[in-house]
1. I'm trying to understand the selection: among the residues of the stretch 151-169, which are in a helix (DSSP H, G or I), under 14 Å from GLY120 (Cβ atoms), open to solvent by 40 Å² or more (accessible area, probe 1.4 Å) and in contact (Cβ under 8 Å) with a residue 24 or more places away in the chain?
2. Can we say GLY131 is on the phi > 0 side of the Ramachandran plot and at pLDDT 95 or above?
3. So if I check each of ALA2, ALA55, which one is of a type outside the set (Lys, Arg) and either touching a Cys at 6+ places or on another chain (Cβ under 6 Å) or over 19 Å from VAL145 (Cβ atoms) (or both)?
4. Considering only the stretch 92-122, how many residues are in a helix (DSSP H, G or I), over 15 Å from LYS68 (Cα atoms) and touching a residue at least 40 places away in the same chain (Cβ under 8 Å)?
5. Pick from the stretch 102-139 the residues that are acidic (Asp, Glu) and open to solvent by 50 Å² or more (accessible area, probe 1.4 Å): which of them is farthest from VAL21 (Cα to Cα)?
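The values are calculated or read from the model by the stated rules, or taken from the named source; none is laboratory data. What you see is a predicted model, and the numbers here were worked out from it, not measured in a lab. Cβ: placed from backbone, ideal geometry, glycine included. Neighbour counts: every protein chain shown. Note: areas computed on protein heavy atoms with side chains; ligands, DNA, RNA excluded. Shrake-Rupley method; radii C 1.70, N 1.55, O 1.52, S 1.80 Å.
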Amino acid sequence: RALHEVISALPGDLPAPVLVVQHMPPKFTRSLAQRLDTFSSVHVREAEQDERVYAGVVYIAPGGYHMKLAKDAGGYFIKLTEEPPQGGHRPSVDVMFESCAAFPELKRHAVIMTGMGSDGMKGMRALNASGGESAIAEAEETCVVYGMPRSAVEAGVAKSIVPLRQIAPALIVAVRR
């Protein structure tokens, strides 16, 4: 529900790609991407190995794979790995955020929404340290489970705390700045 709320509110002309890690087992992320795509102005797809990233497209990490941002002479692309789970998760938000931290030339915006545990907190810290533009944690009052956002807030790595309905507008403003 939370992903639907945010992704369906993003405009089709969003001037940035969006990388999403959702803790789901293999085979469920493709149908999630297809379902979100039907309700969204942005194109939503399950990420594929070595796929180039483009503005206005949402890439969802496939269940069972870490998703990293990588770069070569042709630009930025998706790297999927079966490295061991991090913090009990594969895909892991930390792995994805940490891979994005390696590209300070990009304007990077991190969002952590409802979920159990602390996945994403270390990666958000790495993004902040490398010049990340914004670091948003979902507000407790709109979370189904406040674990992941709470860990970012308590660690002091979330730069703003935003209710679910205001995440997409905050992200749009930040990306267009």
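1. none
2. For GLY131, the condition - on the phi > 0 side of the Ramachandran plot and at pLDDT 95 or above - is met.
3. Only one candidate passes the filter, namely ALA55.
4. Selection size over the stretch 92-122: 0.
5. Of everything passing the filter in the stretch 102-139, GLU105 is farthest from VAL21 (Cα to Cα).
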